[in-house]
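Let me begin by presenting the structure, written as structure tokens, before commenting on it.
The values are calculated or read from the model by the stated rules, or taken from the named source; none is laboratory data. From a predicted model like this one, the values you see are computed outputs, not experimental measurements. We place every Cβ from the backbone using ideal geometry, glycine too, and count neighbours over all the protein chains shown. Just the protein is used for accessible areas: all its heavy atoms, side chains included, with ligands, DNA and RNA removed. Shrake-Rupley method; radii C 1.70, N 1.55, O 1.52, S 1.80 Å.
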Amino acid sequence: MFVVYNIVIYTQGTSNNTPKLSAQAIKGQILYQANNCTACHQFYGLGGYLGPDLTNVASNPNKGPAYAKAFLN
């Protein structure tokens with residue numbers, strides 16, 4: 001069973017179903033990388049611990065995109 005499983009896993013191609021980023025998302029990504037925000041902030045557990053975790057800021061019903069924009073300004 002193990003051999004069959006490995007043959008199936010390693011012979012199938014991978015699919016890239018990743019959605020395309022919007023222009024606004026790309027601009028945010030460039031801004032985040034240019035200012036080295038990862039040194040202090042985290043996304044999905046990756047990054048620094050000095051600043052708040054930004055994983056669910058935009059999707060949080062108590063915060064949302066307006067909070068993120070005010071936070072960045």
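Working only within region 39-52, note down all residues that are within 14 Å of residue 72 (Cα to Cα) and under 14 Å from the mean Cα position of the chain (by Cα).
41
When you scan region 60-73, how many residues do you find that are open to solvent by less than 90 Å² (accessible area, probe 1.4 Å), modelled with pLDDT of 80 or more and under 14 Å from residue 25 (Cα atoms)?
0
Quick one: in region 1-39, of everything that is within 28 Å of residue 49 (Cβ to Cβ) and small (Gly, Ala, Ser), which residue is surrounded by the most Cβ atoms within 10 Å (Cβ to Cβ)?
28
Within region 26-33, identify whether any single residue is part of a loop (DSSP other than H, G, I, E, B), at pLDDT 90 or above and out of contact with any Phe, Trp or Tyr (no Cβ under 7 Å at 6 or more places or on another chain), and answer yes or no. It would help to see each step written out before you state the result.
So the first thing to find is which residues in region 26-33 are part of a loop (DSSP other than H, G, I, E, B), and the list is none.
The answer is no, given that none of the residues of region 26-33 is part of a loop (DSSP other than H, G, I, E, B), at pLDDT 90 or above and out of contact with any Phe, Trp or Tyr (no Cβ under 7 Å at 6 or more places or on another chain).
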